[in-house]
2 protein chains.
Amino acid sequence: MTETCLPEPPPEQIRLEAVLHALADPVRLRIVSELATGPHELACQAFGLPVTKSTSTHHFRVLREAGVIRQHRRGTARMSTLRDADLEALFPGLLASVLHGVQAERLRSV
Amino acid sequence: MTETCLPEPPPEQIRLEAVLHALADPVRLRIVSELATGPHELACQAFGLPVTKSTSTHHFRVLREAGVIRQHRRGTARMSTLRDADLEALFPGLLASVLHGVQAERLRSV
């Protein structure tokens, strides 16, 4: 089956402000958390997000255009993976501390 | 001289999304970097930001309302300090990795 990658910034064009902006949203933080802790790649519909399909598409695009995730088409599905290696090389520790913060907030709210 | 603290969220009301949003802006990242690397506290006008006074006031307010900085009035000056201890307790490593990212981007752009 052929795979087509959707447009994304190369590592040298990933900007810290754009990454922080992409992460500054509860739905997008949830997507990133699920990609970090679950299977390596997931189809958009697998997330079961509490938003409409077009809002979901928007959130995935913000993450992709910021360089946080990679998306590729596989048949009719759109698969997402985290660009954790790229992010770690550019901003060491950032993604880990954000994911740790998500977990900590979840525990505090229980 | 009397000092008056401006309203700010207590630690338990500081939200990760709000902190990330507050940091997702070049002017606000610059303010945070200067507070982290320079003197412990600074008056707003000491930053020499390339924006108007009202825009500057807006940026400081976003940072304060997100829980990133504390502001207090001293006479006619409005002094700012970083809430680094509060942030470190809530989101360990986050501020350090963001500040490291700012430095890394600065070096890459030279």
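Look at the dipole of chain B built from charges on Cβ: of B:Leu49, B:Gly93, B:Thr4, the Cα furthest out on the positive end belongs to B:Leu49.
Based on DSSP H segments of at least four residues, each scored -39500 (n - 2.57), chain B has a per-residue ellipticity at 222 nm of -16000 deg cm²/dmol. The mean number of Cβ atoms from other chains found within 10 Å of a Cβ in peptide A:100-110 is 3, as a whole number.
Dipole magnitude for chain B: computed about the Cα centre from +1 point charges on Lys and Arg Cβ and -1 point charges on Asp and Glu Cβ, it is near 400 debye. Extending 7 Å from Cα along the Cβ direction at A:Ala43 and again at A:His100 yields two label points whose distance is 3.6 nm. Sorting A:His72, B:His21 on solvent-accessible area from highest to lowest, probe radius 1.4 Å, gives B:His21, A:His72. Comparing B:Leu16, B:Met79, B:Ile31 along the charge dipole axis of segment B:11-105, the residue lying farthest to the positive side is B:Met79, per the Cβ-charge model.
Using a cutoff of 8 angstrom between alpha carbon atoms and counting only pairs six or more residues apart, the relative contact order for chain A works out to 35 percent.
With label points defined 7 Å past Cα in the direction of Cβ, position A:Thr52 shows copy-to-copy spacings of 3.5 nm, given to one decimal and shortest first. Full extension of the chain between A:Leu6 and A:Lys53 yields a length gain of 15.1 nm, computed as 0.36 nm times the residue separation minus the alpha carbon distance.
The values are calculated or read from the model by the stated rules, or taken from the named source; none is laboratory data. On a predicted model such as this, the values are computed, not experimentally measured, just so you know. In this analysis, Cβ positions are derived from the backbone assuming ideal geometry, glycine residues included, and neighbour counts consider all displayed protein chains. Heavy atoms of the whole protein, side chains included, go into the accessibility calculation; ligands, DNA and RNA do not. Shrake-Rupley method; radii C 1.70, N 1.55, O 1.52, S 1.80 Å.
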